[in-house]
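Here the structure is laid out as structure tokens; the discussion comes afterwards.
The values are calculated or read from the model by the stated rules, or taken from the named source; none is laboratory data. Since we're looking at a predicted model, the values are computed, not measured. Quick reminder, even Gly has a Cβ in these numbers, built from the backbone with ideal geometry, and neighbours come from all protein chains shown. Areas reflect the complete protein model, heavy atoms only, side chains present, ligands, DNA and RNA absent. Shrake-Rupley method; radii C 1.70, N 1.55, O 1.52, S 1.80 Å.
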Amino acid sequence: LNQDEIENFERTTQEMEHRQRGLTEEEVQNTLLLGAEYPRYTPAALRWIRREHVALSNQFTVWLENTHGLRAAQEREQIDVTFEVGSKRFLAEFKIAYLGNTKRAIREALGQILEYNHYPSRISHDQWLLILDTAPCEKDITFLRRLREVFGFPLTLGWKADSAFVFENPISLRS
């Protein structure tokens, strides 16, 4: 299914579930507008996840070592990759932009990055990398820059480009 079909299916499923509860058409519409509960995930939104995420993580780890001589730890405490440059601790979160939807990938990654750095018992990292499998659009870059400026997040957006990785905000990977 394409994105429009999935959203239409989700909307129809919500309406159907409210009707099954015995609500009239007007009550269904009012309920949807008032924020009543509904299923967030439906069978139409379930997907088989290809392990592209792991491949991206592996490619970055190899690139990091071959290009910068840095060794990274993968998949510790649910964090995709961590590494150190001098005394600075880096965290890298990888996202696949399915159907080219970089906005959705960024949205998902931000929650994880904040959790990994600020949830109780977590240790914060000095630099946060959000790495996509494809180049972001200008709005994505503007959004991440705004987060850095407004909230002071040490966040940098990167993406895979051929056999290398590019970052929208220069980062130092030298000791």
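Looking only at the range 9-26, count how many residues are open to solvent by less than 80 Å² (accessible area, probe 1.4 Å) and either at pLDDT below 70 or in a helix (DSSP H, G or I) (or both).
Restricting attention to the range 9-26, the residues satisfying the condition of being open to solvent by less than 80 Å² (accessible area, probe 1.4 Å) are 10, 12-15, 17-18, 22-24.
Narrowing further to those that are either at pLDDT below 70 or in a helix (DSSP H, G or I) (or both): 10, 12-15, 17-18.
Total satisfying the criteria: 7.
Give me a count of the residues in the range 87-114 that are outside any helix (DSSP H, G or I) and under 28 Å from ARG71 (Cα atoms).
Count: 11.
Which numbered condition in (1) open to solvent by less than 70 Å² (accessible area, probe 1.4 Å); (2) out of contact with any Cys (no Cβ under 7 Å at 6 or more places or on another chain) is the only one that THR102 fails?
Just one mismatch for THR102, condition (2).
Suppose we keep only residues that are β-branched (Val, Ile, Thr) and in contact (Cβ under 8 Å) with a residue 12 or more places away in the chain within the range 135-163. Which one would you say is nearest to ILE113 (Cα to Cα)?
If we filter the range 135-163 for residues that are β-branched (Val, Ile, Thr), which is where we start, we get 141-142, 150, 156.
After this cut, where a residue has to be in contact (Cβ under 8 Å) with a residue 12 or more places away in the chain as well, the list is 141, 156.
Working: ILE141: 17, THR156: 11 Å.
Here the answer is THR156.
All but one of (1) in contact with a Lys or Arg (Cβ under 9 Å, 6 or more places away or on another chain); (2) surrounded by 13 or more Cβ atoms within 10 Å (Cβ to Cβ) hold for LYS88; state the number of the condition that does not hold.
Here LYS88 meets the rest and fails (1).
Just the residues that are among the acidic types (Asp, Glu) and surrounded by fewer than 18 Cβ atoms within 10 Å (Cβ to Cβ), please, taken from the range 110-159.
GLU115, ASP126, GLU138, GLU149
With the checklist (1) at pLDDT below 75; (2) assigned to a helix (DSSP H, G or I) in hand, flag the one item PHE60 doesn't pass.
(1)
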